[in-house]
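Q: Just passing along the structure, written as structure tokens.
Quick note: the coordinates plus some simple rules give every number you see, no bench work behind them. Computed from a predicted model, the values in this text were never measured in an experiment. As a convention, Cβ positions derive from the backbone with ideal geometry for all residues, glycine included, and neighbour counts pool all protein chains shown.
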Amino acid sequence: MKLKGHTQPRDFKAINPWQRLLVLAMVTFTIAPFAPLVIQSLAFRWAWPNILPTVWWHEQRGLSPLPLAWDYVFSSSSRVAEATANTLGIGIAVTLLCLVVCLPAARVLAQSNFRGKSQLEFLIVLPLLLPEAAIGIALLMIFIGLGLAGTYVGVIIVHLIPTIPYMVRMLTAVYQGHGTEAEDHARVLGASRSQVFFQVTLPMILPGVIAGCLFTFLVSTNLFLLTFFIGQGEIITLPTLLFAKISGGALNATGAGIALIASLPGIILLFFTDRFIRSYPLAT
Amino acid sequence: MRKASLRSSQMLLASALVFANMSSALLAESAPGVFRSEFLKGNLGWADVTAKARTEGNVNFYYWGGSDLINLWVDQVAVPELAAEGIKLNPVRITATKDTVDVVIAQLAAGRGEEQGSVDLVWVNGENFFSLQQQNALWGAFANRLPNSVNFEWDEADARSLLNLRDFGVATEFQEMPFSGEQYVCSVNRAYVSTDQTPATFAELKTYLEANPGKFTYVKPPHYLGNTFVQSVLYAHNPDGTGAEPYQKTFEDLGSAELARLIEPGFDYLKSIEPLLLGGPSGQTRYPESSGELDNMFLNSQVHFNCKFGVFANHTGLITGAYPEQAEEMIFPRGNMIKNKNYLAIPLNSPNPAAALVAINYFSSVDSQASRLKTAGMPVGLDVWRLNQSDKDLIEASAPPHYGITQQELDDNTAPDTNASLVDVIEATWLAVIERKEDKPIADIVAQVSGELNN
């Protein structure tokens, strides 16, 4: 807190009542969905119209013949560890691959002009307009033929489809915001191509790259349908595990626990990238 | 062309193998399909199968993973016990068996034939088995060739063998092995319904609902739980008083007009209770889409009854907190509590068929079924009268408790499932009559939907 060189934040009471109301509403909408999840994850029997569970997990823990709630979530039977490892691994691989594909593409789109550029920009966003289920089913047949169905490679490739459009758009905007002057100067002063990229370009666009990566990672870790189709149920991630748990139409304690775990990677990452971008010297 | 020559060369190789009477060790290395044809011809002993199974090493078991109890049993009991036999069981939890059936059929269509698929073992019944059979996607008639088949009744002369030989009226042809035997059982919340008020017939249910409107509903067809409720209504309202009997015939044998005549009183009843079901009093009848949703309605006291396949569902509901504290089982509808079995099948392109056979043999053993009964509350699929006294006692001692009723009462009130070809027509009729409220004579609707189904 001490390190922050920003202007003093205003007191919450100093903003006008309407703004205060809106802030409160925002906080409520953000936090409210988590409250019942947390309670449900600690419940044994929670029925309407009781505000709180009539029997809690810890009361039943010693009596029950099977691991309940968090005991089940943390047991090897819940597959949470495997799903978390898969989700993170796939998310990181997708993010890196996406970055490798999008950095040069975005640079060209931002800094050069060529015939058909606007059409190309439109084409790149097209996958976002198609329903995931349609992409998934169409690709499944092809991937089965290629032997990619049910493999990590297949899942990673298919995750690139909805993430590349976002990443390209974000990086294009970042490149456009910076222009090419600083790079030109460096080149005139004798910097090599790699020196220009790593010492001039990258530091300039780093906050944008981080934001793009964060977004890509979050999209990848939340993809259910594509993972489910191409992974064929053999590759389990937190979203597929959660879906399997709640598709019965009821959210029990273990389902709530898995939902909370599934939201953790995003929360942790958001926290760290937020701090990074705030403290980045070149941030505008 | 290339495929055809490949197949003929495989056949040549297969026949060469028979003449040479090759050992099982060599068989393990041989061309795809040889093991299958040799096993199905009866040329292999069980020792050959277990030897090949150990060289295969793995078995990919696809099963509905929605129950923590079953998942725990598979992971904590089945996996280590099969590991002791030299086989690694890979449990793949799925949400809908149909997805796996589709994958197998898609793989076969994409040319991934014998031993080139990904599914070794799948837990199926009813329509899913029927689709696999229709698409020639099953491995073969193995069920009567396993050592533990002695635990099952295969003799057609004994009427009780029907549950092993017919799956929703479709001949199993030994292409699947019974896994568990279930019965459609309803639970009642004793916090609201006393023993005297508890209905035992559909007429009594209606009387209860007239006094307590909105306190019952059933899972919406075409979900199999909804279909089962509708079937039991039709059995009970059979105008000839012959119950389930005519519903064992195929649609072709029965004919559209006869089916319409049989189901009309049942559908009249379903229409008459619709305004008395959950949400009915306010004009918006609600049918849950799944058993999980109905469990929730039952727990939240929106309804006072919960019907599903589950001989021990009341017990597992109580120990997991999914059922209200005062849930008890009831005998309803008297004499028409539908009973069926679910099975394990091997797809044609199973990559580890020998290991799949060994796994199925394990799942069919008395010890495995008894421990599953005890820890997961899943009824046995084997036929208890085939066992010796000590095994019978073991099964009996492993059974979870019943609440308010006895196993004998459940056994005394069973009814068989409906033929799979009729199930489709009946569910389409339900959708037309109840959901779309088509105001046409039932005979016209049956003729129309069966025509649509055949096209």
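Q: Over all distinct alpha-carbon pairs, what is the Kirkwood Rh of region B:192-248 in angstrom?
A: Mean inverse Cα-Cα distance, inverted, gives 12.8 Å.
Q: Take B:Asp240, B:Asp167, B:Asp196, B:Asp367 and order them by how many other Cβ atoms sit within 10 Å, fewest up front. Could the numbers behind the result be given before it?
A: Working: B:Asp240 9, B:Asp167 28, B:Asp196 5, B:Asp367 13.
The fewest-first ordering by Cβ neighbours comes to B:Asp196, B:Asp240, B:Asp367, B:Asp167.
Q: Placing +1 on the Cβ of each Lys and Arg and -1 on the Cβ of each Asp and Glu in chain A, which of A:Val200, A:Leu264, A:Trp18 has its Cα farthest towards the positive end of the resulting dipole?
A: Projecting each Cα onto the dipole axis, the largest value belongs to A:Trp18.
Q: Another one. Evaluated at 10 °C with a viscosity of 1.306 mPa s, what Stokes-Einstein diffusion coefficient in µm²/s does chain B have when Rh comes from the Kirkwood expression over alpha-carbon pairs?
A: For these conditions, the coefficient is 68 µm²/s.
Q: Once you wrap a convex hull around the alpha carbon atoms of region B:334-455, what is its projected area averaged over all directions, in nm²?
A: 12.3
Q: To continue, here is another question. What is the extension gain from A:Ile268 to A:Gln176, computed as 0.36 nm multiplied by their sequence separation minus the C-alpha to C-alpha distance, in nm to one decimal?
A: Details: separation 92, 0.36 × 92 = 33.12 nm, distance 2.98 nm.
Gain on extension, A:Ile268 to A:Gln176, equals 30.1 nm.
Q: Next question, about the same structure. How about region B:75-178: which GluC sites (Glu not before Pro) there lie in a loop by DSSP and see at most 11 other Cβ atoms within 10 Å? Intermediate values should be presented prior to the final figure.
A: Values: sites: B:Glu81, B:Glu85, B:Glu114, B:Glu115, B:Glu127, B:Glu153, B:Glu156, B:Glu173, B:Glu176; in loops: B:Glu85, B:Glu114, B:Glu115, B:Glu153, B:Glu156, B:Glu173.
Qualifying residues, ordered by number: B:Glu156.
Q: Which longest run of chain B has no exposed loop site in it, a site being trypsin sites (Lys or Arg not before Pro) in a DSSP loop with at most 14 other beta carbons within 10 Å, and the site itself not part of the run?
A: Details: sites that count: B:Lys41, B:Arg436, B:Lys437.
After excluding every exposed loop site, the longest remaining stretch is B:42-435.
Q: Please report A:His159, B:His402 as a ranked list, fewest other C-beta atoms within 10 angstrom at the top and most at the bottom.
A: Numbers: A:His159 26, B:His402 18.
Placing the least packed residue first, the sequence is B:His402, A:His159.
Q: Please report, for the Cα atoms of region A:1-145, the Rg to one decimal and the Dmax as a whole number; what are they, in angstrom?
A: Rg and Dmax of region A:1-145, Cα atoms, are 25.1, 72 Å.
Q: Also, quick follow-up: Label-point separation (nm) for B:Glu435 and B:Glu325, each offset 7 Å from Cα along Cα-to-Cβ?
A: The answer from the label model is 3.9 nm.
Q: Other chains' Cβ within 10 Å of B:315-322 residues: what's the mean?
A: Average per residue, whole number: 5.
Q: By counting other Cβ atoms within 10 Å of each Cβ, how are A:Ser41, B:Ser365 ranked from fewest to most?
A: B:Ser365, A:Ser41
Q: Another question about this same structure. Could you give the angle, 0 to 90 degrees to the nearest 10, between helix B:353-363's Cα long axis and the longest principal axis of the Cα atoms of chain B?
A: Helix B:353-363 and the main axis of chain B meet at about 50 degrees.
Q: In a GNM of chain A with a 10 Å cut-off on Cα contacts, which of A:Arg45, A:Arg79, A:Arg20 has the highest mean-square fluctuation?
A: A:Arg20
Q: Continuing with the same structure: How compact is region A:133-248 by the rule of thumb for globular proteins, expressed as Cα Rg over 2.2 N^0.38 Å?
A: Details: Rg = 19.4 Å, N = 116, 2.2 N^0.38 = 13.4 Å.
So region A:133-248 has a normalised radius of gyration of 1.45.
Q: Separate question: Average partner chain C-beta neighbours within 10 Å, per residue of A:59-65?
A: For this peptide, the per-residue mean of nearby foreign Cβ atoms is 2.
Q: Still on this structure, I have one more. For region B:298-323 and region B:71-131, compute the distance between their C-alpha centroids and round to whole Å.
A: About 28 Å separates the Cα centre of region B:298-323 from the one of region B:71-131.
Q: Now for a separate question. Quick one: P(r) of region B:354-420 from all Cα-Cα pairs, 10 Å bins, percents rounded to integers, in order of increasing distance.
A: Percent of pairs per bin, in order: 18, 42, 32, 8, 0.
Q: Provide Rg and Dmax in Å for region B:159-297, with only Cα atoms included in the calculation.
A: 17.0, 50
Q: Using the Cα centre of region B:46-204 as origin and beta-carbon charges of +1 (Lys, Arg) and -1 (Asp, Glu), tell me which of B:Val101, B:Val170, B:Asn136 is placed farthest towards the positive end of the dipole.
A: So the residue furthest toward the plus end is B:Val101.
Q: I've got another one for you. In the Gaussian network model of chain A, springs joining C-alpha atoms below 10 Å, which of A:Asn252, A:Asn16, A:Asn86 carries the largest mean-square fluctuation?
A: A:Asn16
Q: Can you work out the base-10 log of I(q)/I(0) for region A:83-172 at q = 0.12, 0.15 1/Å, using the Debye formula on its C-alpha atoms alone?
A: Cα-only, vacuum Debye calculation for region A:83-172: -0.44, -0.66.
Q: With n ≥ 4 as the cut-off for DSSP H runs, can you work out [θ] at 222 nm for chain B, using -39500 (n - 2.57) per run divided by the number of residues, rounded to the nearest 500?
A: -13000 deg cm²/dmol
Q: If you put +1 on each Lys and Arg Cβ and -1 on each Asp and Glu Cβ, how big is the dipole of region A:80-279 around its Cα centre, in Debye rounded to 20?
A: 260
Q: Would you calculate the separation in nanometres between label points at B:Leu453 and B:Asn144, each defined as 7 Å from the Cα along the Cα-to-beta-carbon direction?
A: With each label point 7 Å from Cα toward Cβ, the separation is 2.9 nm.
Q: For region B:29-61, which chymotrypsin sites (Phe, Trp or Tyr not before Pro) are in a loop by DSSP, counting at most 16 other Cβ atoms within 10 Å?
A: Loop-located and lightly packed - none at all.
Q: Between helix B:366-376 and chain B, what is the angle of the helix's C-alpha long axis to the longest principal axis, kept within 0 to 90° and rounded to the nearest 10?
A: 40
Q: I'm checking a number: the convex hull volume of the Cα atoms of the protein assembly as shown, normalised per residue, in Å³. What is it?
A: Details: hull volume 180.4 nm³, N = 739.
Convex hull volume per residue, Cα atoms: 244 Å³.
Q: Another question, if that's okay. Please list, in order along region B:83-94, the HN-Hα scalar couplings obtained from phi with the Karplus expression 6.51 cos²θ - 1.76 cosθ + 1.60 (θ = phi - 60°), rounded to whole Hz, x for Gly and Pro.
A: In residue order, the calculated couplings are 4, 5, 8, x, 10, 8, 8, 9, x, 10, 7, 10 Hz.
Q: Working from the alpha-carbon coordinates of region A:80-279, get Rg over Rh, Rh being the Kirkwood radius.
A: 1.04
Q: Measure out, as a whole number of angstrom, how far apart the alpha-carbon centroids of region B:206-229 and region A:10-88 sit.
A: Cα centres, region B:206-229 to region A:10-88: 33 Å.
Q: Continuing with this model, one more query. Any idea what angle helix B:202-211 forms with the longest principal axis of chain B, computed on alpha-carbon atoms, 0 to 90 degrees, nearest 10?
A: 50
Q: Inside 10 Å of the C-beta atoms of A:77-84, what's the mean count of C-beta atoms belonging to other chains?
A: 2
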